[in-house]
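The values are calculated or read from the model by the stated rules, or taken from the named source; none is laboratory data. Keep in mind that this is a model prediction, so the values were computed, not measured. Glycine also receives a Cβ, built like all others from the backbone with ideal geometry; neighbour counts cover every protein chain displayed.
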Amino acid sequence: MKIEMFIDNYFKEIEEILISQTSFLNKTKKEVSEIDFIFLKKFIDTAVKFLFEIDDKILDGLNGKIYDEINYLYKIYKKYKKESSYPEVIYYKYLDKIDEYATLQKKYKDLREYLEISTKNINLLENKLKKIKEGTTEYKKLKGTYVDAVYEYSNIKKEFYETKEKLEYIEELNKKKFLRLFILKRDEIMPKFEKLLNIKIYYFEKLLWISASKSRDIVNYFTNSNIDIDFSTKTFIKYYLKHIDTEKTNQEFIDYLKKALLVLK
């Protein structure tokens, strides 16, 4: 398989999503938010759960549809973000698609296993020889078996290192080209996908709080809890930080909320 084809296939899922969202991206390109809503998603999820417990209609209709879509896109984003951070790991997946490499890899593993077993067998024969008197028929017979085992081990060891050299040659042959093309493609496509996801979360966040402001149950809860009737993620984070039980809450999440406030400034 050619390198270009493998890389195209690897990013195919994201490519197809971006193509299907072309119209949406064109319509919203003027409304790109400078706020990192992908970073804010963790707390937006917290807000959704909180609001849903007060009014389970908050995810009805369009809200629920967009939220499901965001979670689907976010799952894909996290997967590719993590995997594509290690292009050398992806390179070895590419190598596995090359028949010669796959065959050599299997041979290498088989030879390594054989050498491990053979080493144990030779050690066992050596120990037996030490316990048998030299010159006896039994000793000569066992010595012959031992010599044959050592000779075979030597040949297999030679074949093992030859196979290893062939593998290393194939590994290095296209490595630089693969990494260059992979990183080029990744750096081209991932920002586009991040932009799409960021806009989707941005719209959902707006819809979520508009819906919350129209919910009688949520408005009453906010009023009774002395929460500012400024329905926004920023207001809710401030409320959350003010009333959070620091002893029961992970410090990492508290630090995250403080960073989220800075993102929203």
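With respect to Lys97, determine if the residue is without any contact (Cβ under 8 Å) to a residue 40 or more places away in the chain, at negative phi and surrounded by fewer than 15 Cβ atoms within 10 Å (Cβ to Cβ).
For Lys97, the condition - without any contact (Cβ under 8 Å) to a residue 40 or more places away in the chain, at negative phi and surrounded by fewer than 15 Cβ atoms within 10 Å (Cβ to Cβ) - is not met.
Considering the range 62-84 alone, what residues qualify as being under 20 Å from Ala212 (Cβ atoms) and loosely packed, with under 11 Cβ neighbours inside 10 Å?
None - no residue of the range 62-84 is under 20 Å from Ala212 (Cβ atoms) and loosely packed, with under 11 Cβ neighbours inside 10 Å, so the list stays empty.
Residue-wise test of (1) within 24 Å of the chain's Cα centre (by Cα); (2) in contact (Cβ under 8 Å) with a residue 40 or more places away in the chain; (3) in a helix (DSSP H, G or I).
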{"site": "Lys206", "(1), (2), (3)": "no, no, yes"}
{"site": "Ser213", "(1), (2), (3)": "no, no, yes"}
{"site": "Asn226", "(1), (2), (3)": "no, no, no"}
{"site": "Lys242", "(1), (2), (3)": "no, no, yes"}
{"site": "Glu247", "(1), (2), (3)": "no, no, no"}
{"site": "Lys259", "(1), (2), (3)": "yes, yes, yes"}
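Does Asn121 count as farther than 30 Å from Ile7 by Cα and without any contact (Cβ under 8 Å) to a residue 24 or more places away in the chain?
Spelling it out, it is not the case that Asn121 is farther than 30 Å from Ile7 by Cα and without any contact (Cβ under 8 Å) to a residue 24 or more places away in the chain.
So that you can scan it fast, the table gives a plain yes or no per residue for (1) farther than 17 Å from Ile44 by Cβ; (2) buried (at least 17 other Cβ atoms within 10 Å of the Cβ); (3) in contact with a helix residue (DSSP H, G or I) (Cβ under 6 Å, 6 or more places away or on another chain); (4) modelled with pLDDT of 90 or more:
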site	(1), (2), (3), (4)
Asn198	no, yes, yes, yes
Tyr203	no, yes, no, yes
Asp228	yes, no, yes, no
Lys238	no, yes, no, no
Lys242	yes, no, no, no
Phe253	no, no, no, no
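Confirm whether Leu173 is buried (at least 16 other Cβ atoms within 10 Å of the Cβ) and either over 25 Å from the mean Cα position of the chain (by Cα) or free of Cβ contacts under 8 Å to residues at least 12 places away in the same chain (or both).
no
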